[in-house]
Amino acid sequence: MMRRRTTLLTGCTALALALGATACGGSGPVSAGGGDKALDGQTVTVAGVWSGSEQKNFQKVLDAFSEKTGAKTQFVSTGDNVSTVVGSKIEGGNAPDVVMVPQVGVLQQFAKKGWLKPLSPATQKTVDADFAPVWKKYGSVDGTLYGLYFKAAHKSTVWYSPDALAQAGVKPPTTYAEMLKAGHTVSDSGLAAFSVAGQDGWTLTDWFENIYLSQAGPEKYDALAAHKLKWTDASVVKALTTLGKLFKDKQLIAGGQKAALNTDFPGSVEKVFGPKPEAGLVYEGDFVAGVAHDQFGKTIGTDANFFPFPAVDGGTAPVVSGGDAAVVLKDGKNAKAGMKLMEYLASPEAAAVWAKAGGFLSPNKKLDLASYGDDVTRATAKSLVEAGDSVRFDMSDQAPAAFGGTKGAGEWKLLQDFLRDPSDPKGTAAGLEAAAAKAYQD
């Protein structure tokens, strides 16, 4: 089972304020109009996990490509398990030309199976000029660039009710220690501080990753993500100890550990922004805003706002990201036109189409922030771009799925167990190492 919640929910970001999350079925070929018609009569097939509002908004990007080039486009929704669907299509002689890949690990898998074409010199030149080097790194395998990161998620945002903080008389904190202190003040004013979605193990990995990146630094983060550093390392135990102080503090977690373990991600947002608030803050990515607006009618920037995940123990404030990379398949019937689509997707012009439509962040430095529809999303995008090379991709999304992306197993389950009983960080670290060693070996 692949970890999809983060990518699926990114389609509900603050930018989606004017859009309903209406379902959107598979789109048929889209006719072109205007442009120089360089690809007139050709069809580009694109596969990806997106559905609903995400698919609808990406189709607007494809329509703009059609308008520009004369190509027709066909989007095929794969559902969550991209690698299985794409593999079966390749075997059946019906491979798409371009695939939008949601995980670094899947991109690496595709490359190692020999499924991918390296990106064209024109696209590589744009990536070098307009994207921080870290995005090239995550799109490359063994020094060859295969993936273009078109869409990103910002996973270092702490969302809060401005009313709850105002009532408690606290301001958004800039350090982790200040955040816990502010949480106690919120709790003293009558609301629990944090709503924690412990029922979804992926949210707990995100908590850990932000603390670890800030506390241990990017070099150790990279080493741990590649399993070149063992999970029994003192830096992991330290981060778990830091996280455990939050987990065991009943003043800080709405309903305590038991309630957290029975709260899924949408439920955690409801506890802060729903009709009967139980907490003042909820940590998760930029996609929290879409749930707060679409499901609970909150105005982003007024009824719901965020502050950056704060620095831990004197470290640098973390910026953890997720994202979707476009790749070109060797076996696609129209890989040449697929390469032209990649060149378009690398442009700020393409990013601006989805930025205007909503539910989108771009790592492209050349995209004008005015393209985004509201100040909160502009601030989120600005933070992501300005983080530059200090951005780190979600660690569990870099891991084999057996360790970092499977419900009821690996890191998800072990961190849920740690939430239930955070008294033994060393024991949890040992369990994580055993699970990681097996998954990376397999």
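So the values come out like this:
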| quantity | calculated |
| --- | --- |
| Intensity falloff of the stretch 50-106 expressed as log10 I(q)/I(0), Debye formula with alpha-carbon point scatterers, at q = 0.18, 0.19, 0.23 Å⁻¹ | -0.72, -0.79, -1.02 |
| FRET efficiency estimate (nearest 0.05) - Cβ-Cβ, Lys171 to Asn262, R0 25 angstrom | 0.20 |
| With DNA, RNA and ligands ignored, accessible area of Phe75 (1.4 Å probe; Å², nearest 10) | 10 Å² |
| Scattering profile of the stretch 339-393 at q = 0.13, 0.22, 0.25, 0.27 Å⁻¹ [log10 I(q)/I(0), Debye over alpha-carbon scatterers] | -0.31, -0.82, -0.99, -1.08 |
| Straight-distance crosslink candidates among lysines, where the alpha carbon sits under 23 Å from Lys330 and sequence neighbours closer than 8 are dropped | Lys72, Lys89, Lys112, Lys113, Lys117, Lys125, Lys136, Lys137, Lys151, Lys340 |
| Relative contact order (%) - the stretch 275-350, alpha-carbon pairs under 8 angstrom, separation at least six | 13 percent |
| Distant alpha-carbon pairs in the chain (separation over 30 angstrom), percent | 41 percent |
| Cα gyration tensor shape of the stretch 337-442, rounded if a/c is under 1.5, else prolate or oblate by comparing a/b with b/c | prolate |
| Net charge over other residues, Cβ less than 14 angstrom from the Cβ of Ala193 (K, R count +1; D, E count -1) | +1 |
| Helix-only CD estimate at 222 nm, as mean residue ellipticity for the chain, using -39500 (n - 2.57) per DSSP H run (n ≥ 4) | -14000 deg cm²/dmol |
| Top positive-direction residue, dipole computed over the chain with Cβ charges, set Val319, Val269, Ala164 | Val319 |
| Surrounding net charge for Lys181, when Lys and Arg each add one and Asp and Glu each subtract one, Cβ distance under 15 Å | -2 |
| Cα-based shape type of the stretch 231-287, given that a ≥ b ≥ c are square roots of the gyration tensor eigenvalues and the cut on a/c is 1.5 | prolate |
| Rounded D (µm²/s) - the stretch 142-191, Kirkwood Rh over Cα pairs, Stokes-Einstein at 20 °C, 1.002 mPa s | 158 µm²/s |
| Stretch gain in nm, segment Glu386-Gln295, where the contour uses 0.36 nm per residue and the Cα spacing is subtracted | 29.7 nm |
| Highest-first arrangement of 168-174, 53-59, 329-335, where packing means the average Cβ count within 10 Å | 53-59, 329-335, 168-174 |
| Qualifying lysines (Cα of each under 16 Å from Cα of Lys171; at least 8 residues distant if same chain) | Lys181 |
| Shape category assigned to the stretch 66-140 from the gyration tensor of Cα positions, a/c cut at 1.5 | oblate |
| His293 accessible area, assembled protein chains, probe 1.4 Å, Å² | 50 Å² |
| Among Thr185, Tyr138, Ser195 - extreme Cα towards positive end, dipole of the stretch 132-197, charges at beta-carbon | Tyr138 |
| Positive-end extreme of charge dipole, the stretch 308-369 - chosen from Pro348, Leu361, Gly332 (charges on Cβ) | Gly332 |
| Rg/Rg_ref, the stretch 212-336, where Rg_ref = 2.2 N^0.38 Å and atoms are Cα | 1.37 |
| Packing-based order for 41-51, 299-309, using average beta carbon neighbours within 10 Å, highest first | 41-51, 299-309 |
| Simple Cβ-charge dipole of the chain, Lys/Arg +1 and Asp/Glu -1, about Cα centre, in debye nearest 20 | 600 debye |
| The chain: relative contact order as a whole-number percent, Cα under 8 Å and 6+ apart | 27 percent |
| Summed side-chain charge close to Asp63 - residues other than Asp63 whose Cβ falls under 14 Å, Lys, Arg +1, Asp, Glu -1 | +3 |
| Computed over the stretch 262-385, the ratio Rg/Rh where both radii use C-alpha atoms and Rh is Kirkwood | 1.06 |
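The values are calculated or read from the model by the stated rules, or taken from the named source; none is laboratory data. A quick note: this is a predicted structure, and the numbers were derived from the prediction, not measured. Virtual Cβ from ideal backbone geometry, glycine too; neighbours counted across all protein chains shown. SASA here: full protein model, heavy atoms, side chains in, ligands and nucleic acids out. Shrake-Rupley method; radii C 1.70, N 1.55, O 1.52, S 1.80 Å.
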